[in-house]
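Quick notes on the structure that follows.
The values are calculated or read from the model by the stated rules, or taken from the named source; none is laboratory data. A quick note: this is a predicted structure, and the numbers were derived from the prediction, not measured. Counting neighbours? That spans all protein chains shown, and the Cβs are built from the backbone with ideal geometry, glycine included.
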């Protein structure tokens, strides 16, 4: 890997940070809306049983996880162009991913037969998640290592990505509950199908614009040659390299478990606030508070990582959040204020892991280069994205089945036993997931602070020698 001639391109700066931030806002506008409201839309508006939705989403996301691996391979094989290796994908796929996101909320099919609605949900969800979202998010994530090879600048990009995701989540959690809900004659908070569809259209247009901002503001400065052979031989080699890489296995397990728990905590918001707490305004407030806490935590991440290391600091934060989840579960509060206090504490603990998880991918890429002499940026990010989708698939399936198990239907949505079940899913599911994350971090994932620092030094010396030999 060689840096491009720095005289030919501008140096890394604010435009790259802003552009990369916009790319993640674009991705998370549609993805967060989908995670938080799609199941609610199909249970409450389209009247599809939760178990069917959960199973359909799980099946589609398993396919999605597999396509992530394939897209990683495609990225690694993609030729270097004047616009880079990864950026062209953003321009090509921005339109299709935005359109497919909107089509998932086809409220005009509300009166169609159940079979048609299930097929429409499955096909549009498959197009959005498994094809177009994959075709844009894998190149976007892989692009971080091509924008710069400086570790500090990469950390800056990772932090901007996390901030972008937080801003997108805030927009969804603060504004959307005030737009898509209405009170029925009994005073219950109900989801408006028409307003949800309109919101999906606005978010899709916004995502497309922000993808274009990302494309035009970022520059790939690092040449990354194709890392894998074509055909089945290349795929099997990539699979073998992955299975022999303990760090890659570790990050995959971590992300699967995290997404499983995170979708339980945030995915249940569409049921927790209107049904259990009976306070949609609190859902909006949670978005504001989460943003404030997350942004404050970004100020502490670098000092904590510098002192303890990424792995060690993450374990401390996750452990704190786990304790808070068990405490709020045992209070069994129906007070929105008490819930929001604990929610902020959980967010603070996970605020360390949030930005660190993206930086771990770069550490694994560097570790792979140290051990093998080759890089696989797209392949490793493909595994990372694969793991995210597997976690989301498991969560969607379990969440849908769990809602059916506690007896959730449009008729029982506000019954005491059902709402208590919603609270249990929203707290215990992430709590047990976070315990597993700590175990994986400390027993399987091998990249401690000492090893990461050693790898950085080795690569710095190796690249300096390669540059000197070419002169």
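Data overview
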quantity	calculated
Check on residue 323, within 29 Å of residue 401 (Cα to Cα), touching a helix residue (DSSP H, G or I) at 6+ places or on another chain (Cβ under 9 Å) and modelled with pLDDT under 90	no
Any hit, segment 373-391, residues being more than 27 Å from residue 60 (Cβ to Cβ), out of contact with any strand residue (DSSP E or B) (no Cβ under 9 Å at 6 or more places or on another chain), touching a residue at least 60 places away in the same chain (Cβ under 8 Å) and surrounded by 17 or more Cβ atoms within 10 Å (Cβ to Cβ)	yes
Subset of segment 436-447 that is in contact with a helix residue (DSSP H, G or I) (Cβ under 8 Å, 6 or more places away or on another chain) and surrounded by fewer than 16 Cβ atoms within 10 Å (Cβ to Cβ) - its residue that is farthest from residue 305 (Cα to Cα)	444
One residue from 51, 98 being surrounded by fewer than 20 Cβ atoms within 10 Å (Cβ to Cβ), farther than 19 Å from residue 391 by Cβ and in contact with a helix residue (DSSP H, G or I) (Cβ under 7 Å, 6 or more places away or on another chain)	51
Segment 146-158 - residue that is in a helix (DSSP H, G or I) and more than 16 Å from the chain's Cα centre (by Cα) and, of those, surrounded by the fewest Cβ atoms within 10 Å (Cβ to Cβ)	152
Options 294, 333, 298, 347; residue that is more than 18 Å from residue 166 (Cα to Cα), touching a helix residue (DSSP H, G or I) at 6+ places or on another chain (Cβ under 7 Å) and either without any contact (Cβ under 8 Å) to a residue 40 or more places away in the chain or assigned to a helix (DSSP H, G or I) (or both)	333
Top-ranked residue of segment 249-268 - restricted to ones that are over 14 Å from residue 389 (Cα atoms) and modelled with pLDDT of 85 or more, ranked as surrounded by the most Cβ atoms within 10 Å (Cβ to Cβ)	250
Subset of segment 403-443 [part of a helix (DSSP H, G or I) and without any contact (Cβ under 8 Å) to a residue 24 or more places away in the chain]	405, 416, 417, 421, 439, 443
Residue within segment 361-374 that is under 30 Å from residue 222 (Cβ atoms) and part of a loop (DSSP other than H, G, I, E, B) present	yes
Residues located in segment 414-443, provided they are modelled with pLDDT of 90 or more, within 30 Å of residue 312 (Cα to Cα) and over 22 Å from the mean Cα position of the chain (by Cα)	424, 443
Hey, residue 189 touching a strand residue (DSSP E or B) at 6+ places or on another chain (Cβ under 7 Å), modelled with pLDDT under 85 and either within 20 Å of residue 267 (Cβ to Cβ) or buried (at least 22 other Cβ atoms within 10 Å of the Cβ) (or both) or not	yes
Residue in segment 13-29 that is crowded, with 22+ Cβ neighbours inside 10 Å, under 20 Å from residue 181 (Cα atoms), within 20 Å of the chain's Cα centre (by Cα) and in contact (Cβ under 8 Å) with a residue 40 or more places away in the chain present	yes
Filter result for residue 143 (surrounded by 20 or more Cβ atoms within 10 Å (Cβ to Cβ), within 15 Å of residue 26 (Cβ to Cβ) and either modelled with pLDDT under 90 or touching a helix residue (DSSP H, G or I) at 6+ places or on another chain (Cβ under 9 Å) (or both))	yes
